[in-house]
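Q: The structure under discussion is supplied below as structure tokens; questions concerning it will follow.
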Amino acid sequence: MKKVTITLVLTIIATSFAPAQSGTPDAVSGASWKVELEGIRTHELHAYEVRHMMTDGAQEEMDVEDRNGQFTYAGILLSQVAAFVDGAAFEEPWRFDRERWLAGYEVTVTAVDGYAATFDTSEVAPDAILFAIERNGEVLDRPRLVGSVARNLQVRDISKVELALGSSEGYQARRDFRLTLVANDDTHRVSLAQLAESPLFARGRGQFTTSAGSVYASEYGGVYLLEFLEQFVRITDDTAVTFVASDGYEMTFGISQLRTEGDVAWILAFEQDGAPIPIDPGYIRTVKIGPDTPNIPGHLSVKMVAEIRVSGEPVREYTLKLRGQKDVDLDRTTLQSALAFEGVTVTFTHRGESNEYSGIPLHYLLAYADDPEYTPHGQDSAIDPYNREAAMRGFEIDLVATDGFAVTLDSREVYDNDEVIVALKKNGEILPESEWPLVLVWDEDAAVVPNGIRNVRNIDTLRLKM
Amino acid sequence: MPPVLGKEFPIVPPRTSRTYVVALALALSVWLAKDARAIEVAFNGAVAARESALEDAHIVAASGASLFAGVPLGEVVPLVAELHEIRVSFRDGSSQLIRPPDDNLFAWTLVPSDSGWRLTGSDETTKAGVTRVDVRAVRLDASSLSVWLSWEGIDTIESEIARFAEHFGVEVDSSTVPNTRAKLVATERARGVPADVAMIQSDYLPDLVEAGAIQPVAPFTRLEPSPGVNKGRAAFADDRYLWAEPFYFDSHVVLYNPELTGGSPDFASWNRDGFTAFARRSRGEVRAAWNAYSAYWLTPFVLGFGKESVIDPDLEYVRVDDEATRDALYYVLRLVEDGTLTVMERDAMTSYFVAGRAALILTGSYALPGLDSLGVPYEVAPYPEGIVPFLDFKGFAVSRRSRNPILARRFLEYFATPAIQARVAGEIFKMPANHHAFPLVAGRHRYTEVLEMSYERGVPVPNQRAYTVYKDLMWRMLRFLFAGQMDIDQMLERSDALILNATRNG
């Protein structure tokens, strides 16, 4: 049984579920916005992230006079915002590349009404511009820039910040690149930015050996290959995957060659040693990653991947309805992404037959609807999104199937119990029709088996009776 | 030394319609007693201009109102980055505080009236008797701007730009660019340095917006209640934003050689039948010529035969398998079959006309100054009833990566004022995009009346991608039709399917 990381799984659920056009509410202030950041990588900056940085000591203030009077603005420096995407770091803590800023690159800041202003960082000190989210202690609806800079740059209601980093001729090409996925007769196009933001993103060391015997090992970043493909097509043992490179090279894999084995997985890599892979041998190549730097023959590490062709059964959509203190609907991709990132596999025995089921611990799903205010990663990380008190006091949980069959469990026996899961896969495959889309199972050696638990198949609703 | 009100910009030149001169005389004739004319304009408390008597009225027009004489506030005070308020003091001791809806001072005008000065904005007018106007604003600290210009009349536009630069103490670097669309897109892709402002035409919008090369002209998103009336703004707007400030327009017109057509047509019956008869009775090697292969020239006929809008609002593509298109094609084909119309592309058609070999052509008003310079005998007529002319608007856009977006907007506001548009358009044989400025340009060149009539009945060239798809596909299909390789029904059925597919699949 694999251990699940609460924070990461629920981050996936939260970020996958959040409506496209609104940010996640800052529970402290009520501000709900997100700003697109684009640079070496992309990032969606939410209000709670900035607040978190401010409480962590990054808060700055500036006094400014505008048409309504004199005000004190608070926020973080724009250079700290740039740090998310200026390439000095690809994960927290975000390190600001001061040297690059002083050397100069273009920054374009765009407001929600389309107004845009551009400046060269070499002409502006890193501490000259404040990315403000408060004015006189009150939260702004959207961030704005203030500082001792030209009025042009004091953009209000910011929606996007772009850093023109990367070579001029490569920048647009990289931005315009689309990985084409042909699944059955459907064609899908995905940008590098979308891949980078995918919850399927992972990093690890991988290696390939050429026919000449040269060994190349690096740290790669990319999306889990199989899970990525499963977003578009049902993968079975008969599935074949063909990678087509931009120079025409093709390599076809049987699905058995691409399956995850323990901690070793294939990824579509677009980062190498912390930097985006350039157009040659990138933007995308296939590699295996794992804790012991798995090695593959060079010909299997397809570089310059431009197209992936897969034939298989089409994906069936479904929704899991959570009804409690909030009503929440989680779709297939949300649940599949959560599973792919770090799911739990249990051995469930039913009528003498044992099978391995992979899914999400039931108690994690409950956290999404167990209070009306907080959502996982929807507020400052100091705030616990789980209504532990209610769970410990006890409430009933109904797991309801599509035909109305229901089982009622006690939250006290479910809470913190990773061995009771809502499963999406059986023996590595999508559930059979008799159990699809979701089934309640538990590990045969579970320490706590909730009273009244039964193997509920075809689950479509979880009801929290609080 | 503060500028003298009205001295900076000369009054409209003498070639003015009689009606207009009378109006101006009336305006100037209602002068107040000397004291009542005294007015002070201040900027953040410091006097910027003072004039006890207005000598040269700067003629402007308010939107929705009739013509009046006045001075735009934006021309009296420095350029602003942010307009906070306008404090108005009156002769009777009262005062009024105005909080403008945006930063555009060019939209506020000091107007003399029979009882003293008024301050007039887009939506409001103060009472008379203004003695002091104090503009409270953040002064714009930008000092330079770059502009890409294209098409005709560049020398005149550059003169006006120089006037703007000198008046406001900014440096404006203007240059001529053969194709601003290509240059803006290429510059964006290469992360080069674009000009702050570029002249564009309305059908550039899909490429420029998609490339992220321009930014919306945010202060102007507050469109008039009937945007359809302001055709220039409709030309540069999509369902989200106004993407450029329209500056001038050209129109489809009928050009004819009276020596070959036997004089002018009977304008009392200037409709499609009258046009047809006029063309048929013309002499010359070619009676009528135009580029019938191009949808740009076909579409006016289609609209004239009853198509309500170029782009089908429900289906969002240019549908051609309809009655109006069919009727238009039958009409044009009949003219070809009976020898009235010789299909020619632009250069050949113009050569024939200049050489006196073609009696009548359909062309754009942009071609007219060139003909003048050749000394070719010609007359101009608007499209007749039953053929709807395209209005080809040019405007100023702000590049998305402009380093001076606020100064760029002030530039656009300046060039949006009726007097400036009229002055430039009058010199370069265009019409101002702001239709309130039409009286200001009336008679300033020989085509103003024709172009004004064209504006009344014309439609802007569509700015949607769907139009470009339609135009590009029809170019090939119309050739098959005119070559006799397809009949009308076949051609329309095939074209409709191709256009729909190409529009939907990008």
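Residue-by-condition table, conditions (1) more than 27 Å from B:THR448 (Cα to Cα); (2) of a type in the set (S, T, N, Q); (3) open to solvent by 30 Å² or more (accessible area, probe 1.4 Å); (4) touching a residue at least 40 places away in the same chain (Cβ under 8 Å):
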position	(1), (2), (3), (4)
B:PRO313	yes, no, yes, no
B:ARG334	yes, no, yes, no
B:GLY375	no, no, yes, no
B:TYR383	no, no, no, yes
B:GLY395	no, no, no, yes
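Q: From B:VAL130, B:VAL77, B:VAL147, which residue is at pLDDT 90 or above, open to solvent by less than 10 Å² (accessible area, probe 1.4 Å) and in contact with an Asp or Glu (Cβ under 9 Å, 6 or more places away or on another chain)? Full working, then the answer.
A: On the way: B:VAL130 fails: in contact with an Asp or Glu (Cβ under 9 Å, 6 or more places away or on another chain); B:VAL77 fails: in contact with an Asp or Glu (Cβ under 9 Å, 6 or more places away or on another chain).
Step by step, each of B:VAL130, B:VAL77, B:VAL147 is checked, and only B:VAL147 is at pLDDT 90 or above, open to solvent by less than 10 Å² (accessible area, probe 1.4 Å) and in contact with an Asp or Glu (Cβ under 9 Å, 6 or more places away or on another chain).
Let's see how each residue does on (1) away from every other protein chain (no Cβ under 14 Å); (2) within 27 Å of B:PRO72 (Cα to Cα):
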{"position": "B:VAL398", "(1), (2)": "no, yes"}
{"position": "B:SER402", "(1), (2)": "no, yes"}
{"position": "B:LEU407", "(1), (2)": "no, yes"}
{"position": "B:THR417", "(1), (2)": "yes, yes"}
{"position": "B:ARG423", "(1), (2)": "yes, yes"}
{"position": "B:VAL459", "(1), (2)": "yes, no"}
{"position": "B:ASN463", "(1), (2)": "yes, no"}
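Q: While we're looking at this one, here's another question. Does the range B:463-472 contain at least one residue that is of a type in the set (Lys, Arg) and open to solvent by 40 Å² or more (accessible area, probe 1.4 Å)?
A: Filtering the range B:463-472 for residues of a type in the set (Lys, Arg) gives B:465, B:471.
Now restrict to residues that are open to solvent by 40 Å² or more (accessible area, probe 1.4 Å): B:465, B:471.
Yes.
Q: List every residue pair whose Cβ atoms lie under 6 Å apart, where the two residues are 6 or more positions apart in sequence or sit on different chains, the first residue falls within the range B:129-155 and is farther than 16 Å from B:ASN179 by Cα and more than 14 Å from chain A (Cβ to nearest Cβ), and the second residue, located anywhere, is in a strand (DSSP E or B) and open to solvent by 30 Å² or more (accessible area, probe 1.4 Å).
A: B:THR131/B:SER89; B:ARG132/B:GLU40; B:ARG132/B:SER89; B:ASP134/B:ARG87
Q: Filtering the range B:78-128 down to residues that are part of a strand (DSSP E or B) and among the β-branched types (Val, Ile, Thr), which residue is nearest to the other protein chains (Cβ to nearest Cβ)?
A: Taking the range B:78-128 and keeping what is part of a strand (DSSP E or B), we get B:80-90, B:95-98, B:109-113, B:116-120, B:125.
Filter once more, so that each one left must be among the β-branched types (Val, Ile, Thr): B:80, B:86, B:88, B:98, B:109, B:111, B:120, B:125.
Numbers: B:VAL80: 9, B:ILE86: 12, B:VAL88: 17, B:ILE98: 12, B:THR109: 22, B:VAL111: 25, B:THR120: 22, B:THR125: 23 Å.
Among residues in the range B:78-128 that are part of a strand (DSSP E or B) and among the β-branched types (Val, Ile, Thr), the one nearest to the other protein chains (Cβ to nearest Cβ) is B:VAL80.
Q: So which strands (runs of 3 or more DSSP E) stay within the range A:219-325 end to end and still have 1 or more residues that are small (Gly, Ala, Ser) and surrounded by fewer than 20 Cβ atoms within 10 Å (Cβ to Cβ)?
A: Working: elements: A:240-245, A:250-254, A:265-272, A:285-289, A:295-297, A:305-311, A:319-323.
In the range A:219-325, A:240-245, A:250-254, A:305-311 are the strands (runs of 3 or more DSSP E) which contain 1 or more residues that are small (Gly, Ala, Ser) and surrounded by fewer than 20 Cβ atoms within 10 Å (Cβ to Cβ).
Q: Is it true that A:GLY137 is among the small types (Gly, Ala, Ser), more than 23 Å from B:LEU407 (Cβ to Cβ), in contact with a Gly (Cβ under 9 Å, 6 or more places away or on another chain) and away from chain B (no Cβ under 14 Å)?
A: In short, no.
Q: Follow-up question, since we're still on this one. The conditions are (1) at pLDDT below 90; (2) surrounded by 15 or more Cβ atoms within 10 Å (Cβ to Cβ), and A:PHE208 fails exactly one of them. Which is it?
A: Among (1) at pLDDT below 90; (2) surrounded by 15 or more Cβ atoms within 10 Å (Cβ to Cβ), the lone unmet condition for A:PHE208 is (1).
Residues are listed down the side, and each one gets a yes or a no for (1) among the charged types (D, E, K, R); (2) touching a residue at least 24 places away in the same chain (Cβ under 8 Å); (3) in a loop (DSSP other than H, G, I, E, B):
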| position | (1), (2), (3) |
| --- | --- |
| A:ALA390 | no, yes, no |
| A:VAL400 | no, yes, no |
| A:THR408 | no, yes, no |
| A:ARG412 | yes, no, no |
| A:ASP418 | yes, yes, yes |
| A:LYS425 | yes, yes, no |
| A:PRO432 | no, no, yes |
| A:GLU435 | yes, no, yes |
| A:LEU440 | no, yes, no |
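Q: Give the residues of the range B:273-310 that are of a type in the set (Lys, Arg) and open to solvent by 50 Å² or more (accessible area, probe 1.4 Å), sorted by residue number.
A: B:ARG280, B:ARG281, B:ARG283, B:ARG287
Q: Looking only at residues in the range B:425-449 that are in contact (Cβ under 8 Å) with a residue 40 or more places away in the chain and of a type in the set (D, E, K, R), which one is nearest to the other protein chains (Cβ to nearest Cβ)?
A: That would be B:LYS430.
Q: Within the range B:386-397, identify whether any single residue is out of contact with any Cys (no Cβ under 6 Å at 6 or more places or on another chain) and more than 30 Å from B:PRO216 (Cα to Cα), and answer yes or no.
A: There is at least one residue in the range B:386-397 that is out of contact with any Cys (no Cβ under 6 Å at 6 or more places or on another chain) and more than 30 Å from B:PRO216 (Cα to Cα).
Q: Among the residues of the range B:360-373 satisfying the criterion of being in contact with a strand residue (DSSP E or B) (Cβ under 7 Å, 6 or more places away or on another chain) and of a type outside the set (Phe, Trp, Tyr), which is surrounded by the fewest Cβ atoms within 10 Å (Cβ to Cβ)?
A: B:GLY364
Q: Return only the number of the condition from (1) out of contact with any helix residue (DSSP H, G or I) (no Cβ under 8 Å at 6 or more places or on another chain); (2) open to solvent by less than 10 Å² (accessible area, probe 1.4 Å) that B:ALA422 does not satisfy.
A: Here B:ALA422 clears every test but (1).
Q: Evaluate the following for B:ASP250: is it in contact (Cβ under 8 Å) with a residue 40 or more places away in the chain and either part of a loop (DSSP other than H, G, I, E, B) or touching an Asp or Glu at 6+ places or on another chain (Cβ under 6 Å) (or both)?
A: It is true that B:ASP250 is in contact (Cβ under 8 Å) with a residue 40 or more places away in the chain and either part of a loop (DSSP other than H, G, I, E, B) or touching an Asp or Glu at 6+ places or on another chain (Cβ under 6 Å) (or both).
Q: Among the listed residues A:PHE270, A:PHE341, A:PHE348, identify the single one that is within 20 Å of the chain's Cα centre (by Cα) and modelled with pLDDT of 90 or more.
A: Result: A:PHE270 is the single residue among A:PHE270, A:PHE341, A:PHE348 that is within 20 Å of the chain's Cα centre (by Cα) and modelled with pLDDT of 90 or more.
Q: Please return the ranges of strands (runs of 3 or more DSSP E) entirely within the range A:20-115 where 1 or more residues are open to solvent by less than 40 Å² (accessible area, probe 1.4 Å) and either modelled with pLDDT under 90 or farther than 28 Å from B:TYR241 by Cβ (or both).
A: A:42-46, A:60-66, A:69-77
Q: Take the residues in the range B:178-219 that are among the polar types (S, T, N, Q) and modelled with pLDDT under 90, then tell me which one is most open to solvent (accessible area, probe 1.4 Å).
A: Restricting to residues being among the polar types (S, T, N, Q) and modelled with pLDDT under 90, the top hit is B:ASN179.
Q: Is at least one residue of the range A:181-190 in a strand (DSSP E or B), in contact (Cβ under 8 Å) with a residue 24 or more places away in the chain and surrounded by fewer than 16 Cβ atoms within 10 Å (Cβ to Cβ)? Steps first, please.
A: Going through the range A:181-190, the residues in a strand (DSSP E or B) turn out to be A:181-183, A:186-190.
Filter once more, keeping what is in contact (Cβ under 8 Å) with a residue 24 or more places away in the chain: A:181-183, A:186, A:188.
Next cut, surrounded by fewer than 16 Cβ atoms within 10 Å (Cβ to Cβ) only: A:186, A:188.
Yes.
Q: So, one more: Give just the number: which of (1) crowded, with 24+ Cβ neighbours inside 10 Å; (2) under 30 Å from B:PRO78 (Cβ atoms) does B:GLU427 not satisfy?
A: (1)
Q: Looking only at the range A:191-205, filter to residues that are within 16 Å of A:VAL85 (Cβ to Cβ) and touching a Ser or Thr at 6+ places or on another chain (Cβ under 7 Å); which one of those is most open to solvent (accessible area, probe 1.4 Å)?
A: Looking only at the range A:191-205, we keep the residues that are within 16 Å of A:VAL85 (Cβ to Cβ), and these are A:191-197, A:201.
Restricting the remaining residues to those that are touching a Ser or Thr at 6+ places or on another chain (Cβ under 7 Å) gives A:193, A:196-197.
Numbers: A:ALA193: 44, A:ALA196: 31, A:GLU197: 84 Å².
If we take residues in the range A:191-205 being within 16 Å of A:VAL85 (Cβ to Cβ) and touching a Ser or Thr at 6+ places or on another chain (Cβ under 7 Å), then A:GLU197 is most open to solvent (accessible area, probe 1.4 Å).
Q: Would you please name the residue that is modelled with the highest pLDDT, looking only at residues in the range A:351-365 that are over 20 Å from the mean Cα position of the chain (by Cα) and closer than 18 Å to A:LYS326 by Cβ?
A: A:LEU362
Q: Exactly one of these conditions fails for A:GLU123: (1) in contact with a strand residue (DSSP E or B) (Cβ under 6 Å, 6 or more places away or on another chain); (2) within 14 Å of chain B (Cβ to nearest Cβ); (3) open to solvent by 50 Å² or more (accessible area, probe 1.4 Å). Give me its number.
A: With respect to (1) in contact with a strand residue (DSSP E or B) (Cβ under 6 Å, 6 or more places away or on another chain); (2) within 14 Å of chain B (Cβ to nearest Cβ); (3) open to solvent by 50 Å² or more (accessible area, probe 1.4 Å), A:GLU123 is out only on (1).
Q: Which number in (1) within 10 Å of another protein chain (Cβ to nearest Cβ); (2) assigned to a strand (DSSP E or B) marks the one condition that A:ASN152 misses?
A: Condition not satisfied by A:ASN152: (2).
Q: Before we move on, is B:MET453 under 30 Å from B:VAL336 (Cα atoms) and open to solvent by 60 Å² or more (accessible area, probe 1.4 Å)?
A: Yes; evaluated as a whole, the condition is true for this residue.
The values are calculated or read from the model by the stated rules, or taken from the named source; none is laboratory data. Computed from a predicted model, the values in this text were never measured in an experiment. When we count neighbours, we look across all protein chains shown, and the Cβ atoms used for this are built from the backbone with ideal geometry, even at glycine. For accessibility, only protein heavy atoms count, side chains too; no ligands or nucleic acids. Shrake-Rupley method; radii C 1.70, N 1.55, O 1.52, S 1.80 Å.
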